[in-house]
Amino acid sequence: MKITPDEVRHIAALANLRLSEEDTALYARDLEQILAYVDQLNELDTTGVEPMAQVLHEGNAAPLRADAPGASFDQGTALRCAPLQGAGHFKVPRVIER
Amino acid sequence: MSPIGDLTAGNIRSGLLAGDFSATELAREAVGQARAENDRTGVFLSFTEERALNAALRVDRSLAAGETLGPLAGVPIAVKDVIMTKGERTTCASRALENFLSPYDATAVQAIERAGAVVIGKTNCDEFAMGSSNENSAFFPVRNPADPTRVPGGSSGGSAAAVGGRYVPLSLGSDTGGSIRQPASFCGVVGVMPTYGRVSRYGLVAFASSLDHIGPFARTVRDAALLLGTIAGSDPMDSTAATAPVPDYAGDLSADVRGLRLGIPREYFGEGLEPEVGNLVQAGIDSLAGLGCEPVSISLPHTRYAIASYYLICTAEASSNLARYDGVRYSRRADRAALRDMYRDSRAERFGPEVKRRIILGTYVMSSGYYDAYYKKAQEVRALVARDFARAFEDVDAIITPVSPFPAFKLGEKTSDPLQMYLSDIYTITGSLAGIAGMSVPCGRTSAGLPVGLQILANHFREQTMLNLGHAFEISRGGETQQAREAG
């Protein structure tokens, strides 16, 4: 299947990733090559096979702990690596235009 | 004092008790030696010297007070830089987390420090653990201790080289599709991927959540068993961590493997396997037969579909997990007036080429119109791969295979073709998809002197059988001491 630069731009937009023209061409080529390879999965008839999303050893659900409040790290620790913060919050560029 | 490279965890314990050295002396020597050679080796991304000296001092004080020492007391250990160490940097070898300070300790790190281990630094790896050669580190490559012109394997290349290069007796790595077993094979050390969920993933930066594992590197199987026993167990912070009781892997280690049936899968010895590697692995199987094991030929018919299934699933999960690096919470951001531009440029500037490639592929296979054709199909094939193993383990106790089709390759040799690099993971990816346990144990060297590993795969929670086989094999090849000496 042919992958066009426009398709790669669309996917990159979904992934919030800006790509240069050079990278767009490179990933179009890589994606095409990899998708051609994975096409071999269609040789297999998987009718009736339950998709395996997770390795679960203990029944169909992961064990849950009691829903009880406990200690967590504080706001300062959470904010410590933020590029921009203020008044105990992460700051981002303006979202809504006035 | 012996060079640290000659010591095992057991030696360190007896040395401390006999007063041959202190934990502080060991810690100083380990950090000093690793740091002095790091420009040449590329093994470490950062050193945690103050933390190490504090931990060592606690051990020395316990010793002076006559208290019982923990099972890893005073043992210098290196931790892959995708595993959180509170207050220290955890970069994932990525510019996206260049200045990130871990807000908490991974459960596995808490466990080793509670056992008395001394964390000396964080090891280099492929960016976000994506790669098979360590060449995707955003900072610098790691050199293979057996041959510095060659890669150490990946993605846990630094952790494998830290042990193979004799800087530490033990290290922690992570394995998603072979990232512990393959570098262990390339560097001539023992590397263990436990059963999925055997070790908590809390504090392991997520790459592909249904496939990620933390596991040990060591020079001897006994040391690997000791470290695994320390980090295994349930965890309220990780609902996928198994609640099954943890055996005393090291205490129960036995070299009596008589009567064990070993499956030798035909699909792992065909086209693509370098003859010299195949011969060494075959000689390893013969050694195990000489110990009283019974090799039987088996088939794992869906093996050839595993790489396609794996690279669809792991990239889909990665594209989702890596969405969090948006320039808001971690490290630096691109200064843009509009939010969407800030996201897109921050990610573009910070992620390396392989990470972008996997995000693109993963986003594609999860996108509208392609989900069923790729992602769901890959999950169905994953179930078939897992079923192959389930059927095989009805008849055999373990499965023996090569770890990698070839030994360590030259730096730069395979970087131009991403698909070829993916294909080299064929023997390790199958066990990852099934969630079973696997390990690499050294089984000799090629004529060029490059280490080759033997892979032992065992069913869910059958780590003891796997470790016993590795232990018996190691002894048959000259014993633990010999193994430790040769590993450099």
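Being touching a Pro at 6+ places or on another chain (Cβ under 9 Å) and at positive phi is a condition met by at least one residue of segment B:325-343. Consider B:Thr68 carefully, then state whether it is within 14 Å of chain A (Cβ to nearest Cβ) and closer than 23 Å to B:Leu226 by Cα. So B:Thr68 fails the test. Being within 26 Å of the chain's Cα centre (by Cα) and either surrounded by fewer than 17 Cβ atoms within 10 Å (Cβ to Cβ) or without any contact (Cβ under 8 Å) to a residue 24 or more places away in the chain (or both) holds for only one residue in B:Gly290, B:Gly272, and it is B:Gly272.
Within the group B:Val31, B:Val79, which residue is in a helix (DSSP H, G or I), within 21 Å of B:Phe140 (Cα to Cα) and under 23 Å from the mean Cα position of the chain (by Cα)?
B:Val31
Taken as a whole, segment A:26-37 holds no residue that is facing chain B (nearest Cβ under 7 Å) and either under 30 Å from B:Thr243 (Cα atoms) or touching a His at 6+ places or on another chain (Cβ under 6 Å) (or both). Take segment B:393-437 and flag every residue that is under 23 Å from B:Ser209 (Cα atoms) and among the polar types (S, T, N, Q). Within segment B:393-437, B:Ser424, B:Thr428, B:Thr430, B:Ser432 meet the criteria. Residues in segment B:310-341 that are within 8 Å of chain A (Cβ to nearest Cβ), in a helix (DSSP H, G or I) and crowded, with 22+ Cβ neighbours inside 10 Å: B:Tyr311, B:Leu312, B:Ser319. Counting the residues of segment B:272-292 that are among the hydrophobic types (A, V, I, L, M, F, W, C) and farther than 18 Å from B:Met439 by Cα gives 3. Sort through B:Ala64, B:Ala9, B:Ala18, B:Ala55 and tell me the only one that's more than 27 Å from B:Cys187 (Cα to Cα) and within 27 Å of the chain's Cα centre (by Cα). That would be B:Ala55, the only listed residue that is more than 27 Å from B:Cys187 (Cα to Cα) and within 27 Å of the chain's Cα centre (by Cα).
For (1) modelled with pLDDT under 95; (2) at the interface with chain B (Cβ under 9 Å from one of its Cβ atoms); (3) surrounded by 15 or more Cβ atoms within 10 Å (Cβ to Cβ), each residue gets a yes or a no:
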position: A:Glu21; (1), (2), (3): no, no, no
position: A:Thr24; (1), (2), (3): no, no, yes
position: A:Thr46; (1), (2), (3): no, yes, yes
position: A:Ala53; (1), (2), (3): yes, yes, no
position: A:Asn60; (1), (2), (3): yes, no, no
position: A:Ala68; (1), (2), (3): yes, no, no
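Note on segment B:357-392: residues that are touching a helix residue (DSSP H, G or I) at 6+ places or on another chain (Cβ under 7 Å), under 30 Å from B:Gly263 (Cβ atoms) and at the interface with another protein chain (Cβ under 7 Å from one of its Cβ atoms) total 6.
Going residue by residue through segment B:456-467, is there one that turns out to be under 16 Å from B:Gly154 (Cα atoms) and either part of a loop (DSSP other than H, G, I, E, B) or among the aliphatic types (A, V, I, L, M) (or both)? No: zero hits. Pairing residues of segment B:337-361 that are over 16 Å from B:Thr91 (Cβ atoms) with residues that are of a type in the set (Lys, Arg) and surrounded by fewer than 22 Cβ atoms within 10 Å (Cβ to Cβ), at Cβ distances under 7 Å and at least 6 apart in sequence or on separate chains, gives B:Met342/B:Arg336; B:Arg344/A:Arg18; B:Asp345/A:Arg18; B:Asp345/B:Arg336; B:Ala348/A:Arg18.
Close contacts from segment B:420-449, counting a first residue that is within 10 Å of chain A (Cβ to nearest Cβ) and at positive phi and a second that is crowded, with 21+ Cβ neighbours inside 10 Å and hydroxyl-bearing (Ser, Thr, Tyr), with Cβ to Cβ under 7 Å and a gap of 6+ residues or different chains, come to B:Gly435/B:Thr195; B:Gly435/B:Tyr196.
Could you go through segment B:283-303 and let me know if any residue there is facing another protein chain (nearest Cβ under 8 Å) and either within 25 Å of B:Phe186 (Cβ to Cβ) or modelled with pLDDT of 95 or more (or both). Within segment B:283-303 (the criterion being facing another protein chain (nearest Cβ under 8 Å) and either within 25 Å of B:Phe186 (Cβ to Cβ) or modelled with pLDDT of 95 or more (or both)), the answer is yes, since at least one residue qualifies.
Residue by residue, here is whether (1) at pLDDT 95 or above; (2) in contact with a strand residue (DSSP E or B) (Cβ under 7 Å, 6 or more places away or on another chain) holds:
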residue	(1), (2)
B:Ser14	no, no
B:Ala23	yes, yes
B:Arg28	yes, no
B:Gln33	yes, no
B:Ala36	yes, no
B:Thr41	yes, no
B:Phe44	yes, yes
B:Glu50	yes, no
B:Leu53	yes, no
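The values are calculated or read from the model by the stated rules, or taken from the named source; none is laboratory data. Being a predicted model, the structure only gives us computed values, none of them experimental. Positions of Cβ are generated from backbone atoms using ideal geometry, with glycine treated the same way; all protein chains shown enter the neighbour counts.
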